[in-house]
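Trainee: The structure's right below; bear with me while I get my questions together.
The values are calculated or read from the model by the stated rules, or taken from the named source; none is laboratory data. Here the structure is a predicted model, which is why all the values come from computation and not from measurement. With ideal geometry, Cβ positions are generated from the backbone for all residues, glycine too; neighbour counts draw on all protein chains shown. For the accessible areas, the whole protein counts, side chains as well, though only heavy atoms, and no ligand, DNA or RNA atoms are used. Shrake-Rupley method; radii C 1.70, N 1.55, O 1.52, S 1.80 Å.
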Amino acid sequence: MIFTWNLVIYQYPSNPKLFKRVIFKPKHLKLGVSYLSDYIEQHTYHGTTTVGISCTDGVVLCADMRASAGYFIANNNTMKIQKIDNHAGMTIAGGVADAQNVTDMLRYHSNIHRIDKQEYLPIKSIARLASLIFFQNRYYPFIADILVGGYDKQGPSLYNIDMFGSLDKKTFVTTGSGSPVAYGLLESEYRDGLSVEEGKIIALRAVKAAITRNIGTGDGINVAIIDKQGYRLLTKEQKKAIITL
């Protein structure tokens with residue numbers, strides 16, 4: 001026996017003679033949700049591979065430059081590594097607009113703390129703040145997965161925060177649609193005691209491997225190093241000296 005239900009909607013106009021009784025069936029709801037989800041999927045910029053490696057003397061952040069909307073490559077020069085402050089940075093994966101919104105909030109609070117306290121906001125505090133932002137919006141979530149890394153008084157540290165606010169400290173991690181491929185290289189190449197000079201080579205190779213096998217990853221690679229000297233992006237010449245892009 002199959003049970004079905006109908007939602008009865010009564011419309012009360014000012015003129016009683018125009019009273020309407022509308023039957024709204026589940027199939028209409030499913031159809032509407034399908035259309036809406038398809039539209040959102042086709043117009044949300046996403047698709048990426050990001051890599052973070054915590055080394056003895058700093059943190060390496062690496063990401064490709066492609067943003068896709070469905071099967072359409074919406075942007076081939078997307079900056080997926082963002083500077084939060086002189087001592088901290090982050091990578092973004094998932095919905096670009098959502099991730100950029102979170103980036104702006106982290107950058108704002110970090111700058112306010114530095115101005116008010118005359119010191120940098122600890123990396124752990126930035127990561128915890130990101131976790132709280134995602135968690136408090138879990139019913140209307142930011143569709144993003146971010147890495148927060150940097151160098152403070154405690155040394156280098158790297159955190160992964162997902163769309164529901166889960167917070168994990170990592171030695172190495174990768175996010176995005178190309179992460180399964182990148183993990184294959186990271187698992188075999190990572191070892192304790194890496195320097196940032198060694199870590200950036202592994203990060204570049206991991207993202208390049210994802211570009212080869214993942215349709216959502218491509219169009220170049222950006223790399224940032226964060227150590228006691230601060231935040232800096234590698235130039236094209238520096239990247240080409242390490243690996244053929």
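Trainee: Place a point 7 Å from Cα of N75 in the direction of its Cβ. Which residues in the range 212-245 have their backbone N less than 17 Å from it?
Mentor: The answer is 216-223, whose backbone nitrogens lie closer than 17 Å to the label point.
Trainee: Percent of alpha carbon pairs in the range 54-132 separated by more than 14 Å?
Mentor: More than 14 Å apart: 67 percent of the Cα pairs in the range 54-132.
Trainee: Follow-up. If amide hydrogens are placed 1.01 Å from N in the peptide plane, which non-local residues have theirs closer than 5 Å to the one on A144?
Mentor: Residues meeting the criterion, in which the H sits 1.01 Å from N, are G95, M163.
Trainee: Label point 7 Å out from S188 along Cα-to-Cβ: which residues of the range 194-223 have amide N under 20 Å?
Mentor: 194, 198-215
Trainee: May I ask which residue of L233, A203, G216 lies farthest towards the positive end of the charge dipole of the range 192-245, with charges of +1 (Lys, Arg) and -1 (Asp, Glu) on Cβ and the Cα centre as origin?
Mentor: G216
Trainee: With a 1.4 Å probe and all protein chains kept in place, how much accessible area does M105 have, in Å² rounded to the nearest 10?
Mentor: Spelled out: M105, probe radius 1.4 Å, area about 60 Å².
Trainee: Which ³J(HN,Hα) values, rounded to whole Hz and listed in residue order, are derived for the range 77-89 from phi using the Karplus coefficients 6.51, -1.76 and 1.60 in 6.51 cos²θ - 1.76 cosθ + 1.60 with θ = phi - 60°, glycine and proline given as x?
Mentor: 9, 8, 8, 9, 10, 10, 7, 8, 7, 5, 10, 9, x
Trainee: Could you tally the net charge around N86, taking each other residue with its Cβ under 15 Å from the Cβ of N86, Lys/Arg +1 and Asp/Glu -1?
Mentor: Around N86, the surrounding residues sum to +3.
Trainee: Taking amide hydrogens as modeled 1.01 Å from N in the peptide plane, which residues meet the under 5 Å criterion relative to D57, leaving out close sequence neighbours?
Mentor: Here V196 satisfy the definition.
Trainee: Quick one: putting +1 on the C-beta of Lys and Arg, -1 on the C-beta of Asp and Glu, what dipole do you get for the range 110-245 around its Cα centre, in Debye to the nearest 20?
Mentor: 160 debye
Trainee: Using unit Cβ charges (K, R positive; D, E negative) and no other charged atoms, how large, in debye to the nearest 20, is the dipole of the range 126-201 about its Cα centre?
Mentor: Rounded to the nearest 20 debye, it is 300 debye.
Trainee: Counting Lys and Arg as +1 and Asp and Glu as -1, what is the net charge of the other residues whose Cβ lies under 12 Å from the Cβ of F134?
Mentor: So the surrounding residues net to -1.
Trainee: I242 to I112: extension gain in nm, 0.36 nm per residue of separation minus the Cα-Cα distance?
Mentor: Taking 0.36 nm per residue and subtracting the Cα distance, the gain is 43.1 nm.
Trainee: A further question on this structure: The range 64-183: percent of C-alpha pairs farther apart than 23 Å?
Mentor: 29 percent
Trainee: Here's a follow-up. What does the charge count around L185 come to, taking other residues whose C-beta lies under 15 Å from its C-beta (Lys +1, Arg +1, Asp -1, Glu -1)?
Mentor: Charge balance in the 15 Å sphere: +1.
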